[in-house]
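The block underneath contains the structure these notes are about, expressed in structure tokens.
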Amino acid sequence: MKFNIVTDPWIPVVTGIHQETLSLMDVIDRANEISSLAGDPVERFSIMKLLICIAQAAINGPADEKDWASCKDKIVPAVKKYLKKWRNSFELFGDRPFLQAPTLEKMSNREVSFLNPFYASGANHTLFDTDARKRDSEGNPILREIPLEGIARYLLIKQIFCAGGMTDRSKDGTKWGGCEIKEKSYEGSIASNILLTVVEGDTILDTIHNNLINIEWLEEAKIPFGKPVWEVHITQQSDKVTQGIFNTYLYNLVPLSRSILLEDQNKMSLSNGIAPADLPVYRNPMGTVMENKQKSKKKDKNKSKKKPDNFYLKINPEKAPWRELQSILQTTQDQKGPWALRHLAATNESSLTLVTGGFLYDQAKPIASCEWKLNVPVGMLNAASLNAYGAEVQRAENKSWGIQFALECYLGMVEEEKKLTAEDKKNRKVYQSMLSSALQRYWHSLEKCANTLINDIGIDQAIASEAWIKSVRSCAIKAFEESCGCYKKNITSYVKALQILKGRLYHD
């Protein structure tokens, strides 16, 4: 049984209005006509990281911004030549299987379906995934057979967006290349839970080119360029191997987060791999770095634990990225935003398309894969426009507290917990439900107005601010009215609470 990722179809793409599945070589060969990748957001981010990794390894660069500006036409021929050279390292089964550990001890301790984070498998339960419960006539569970093209995608996702946690190990321990694996829990891949940002182009080739990272930038950040994991040929998990690759750029694009060995389409062996590096050792160029303003120290057992100075902006399904756009678009000298934005100085583009999102998990349990697309005019990227935009978003945040207070007044809630009557407790439960509904309505309706603010803030801040203030007020009032309409209360309380809300909305 063979499946070569270079030559066999496994990548879903969009060409015009049509969707088809192509091999890696075909995607590269037609990179100028393919508009985008298809599939789940976590699949698209994973495949794009693979394409970028291959492109950077193939051209061994770009070295600097001048090299980047002239390397676009070199990508396709260089990658095709590269894939022919390393074709044997892109097979799912063979001597050097793709993103696997061929010297891992065979344990058959997992089903291949475990590679897909959203399949029900082991302790992970998915409500509508009924295939995991199928049994034969004798009551034995039927193993889910995954198509080879699906295995290729899920394997890539598992290594890039590994959710962490412990892996199964045999009673006698797991061995990789004859050496026992360090079996300890870790938080997972550095790419998980981070809000990743890709600068999208008109075609796949444009998108790959837009997101290439200059070696000069990596050297400034003291990050080695490195080699892709399929070139390194890892034979065991050891400190020597780990120290040599785990903090390099190309390895962290497509890491070996888990040691995996596919046995067939149903069973595989799985254990810990080499965890990618995190801040401050390595900085993910697709992430947005935030400064920790609360650097307090907490003493624990005579040891002083200090919060990290910096952290990555996380995915928040309840908070769309337009509310974090000021942080994402940081293109000042501190370079805390996505590094691909640094290329804008060398282009004549009037606008850019940002695709943000990634994979969210909690305690090794998958929550969601998220994706948002934002069209941003280049005129917004100056400091004055970004600060003005950030102030308007903060205004909307502040006014959301007016909705909260108005709902409290509407339900006649008391302040002190000790004085709560049975009616107060009932109101408090109703309040939590109404507040959640009101805020969802408020932010969802404001999101439709955010595009206007993004487009206008760099042209005329005064006009953009005036229009935004009107939108905030109308969206807050509408959200309050619609939420109150779901709960019967006397009209006097409603009018009083509405006046309180308007007073807060019209007072700056």
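Quick note: the coordinates plus some simple rules give every number you see, no bench work behind them. In this text, all values refer to a predicted model and were calculated from it rather than measured experimentally.
Extension gain, Lys470 to Glu349: 0.36 nm times the residue separation minus the Cα-Cα distance gives 40.4 nm.
Structure note, pairs Lys314/Lys502; Lys2/Lys80; Lys293/Lys502; Lys222/Lys319; Lys399/Lys478; Lys72/Lys227: Cα-Cα distances above 23 angstrom occur for Lys314/Lys502; Lys293/Lys502; Lys222/Lys319.
For Lys267, nonlocal amide neighbours, meaning residues 5 or more places apart or on other chains whose placed amide H falls under 5 Å from its own, are Val112.
For the range 1-80, the convex hull drawn through the C-alpha positions has a volume of 105 cubic angstrom per residue.
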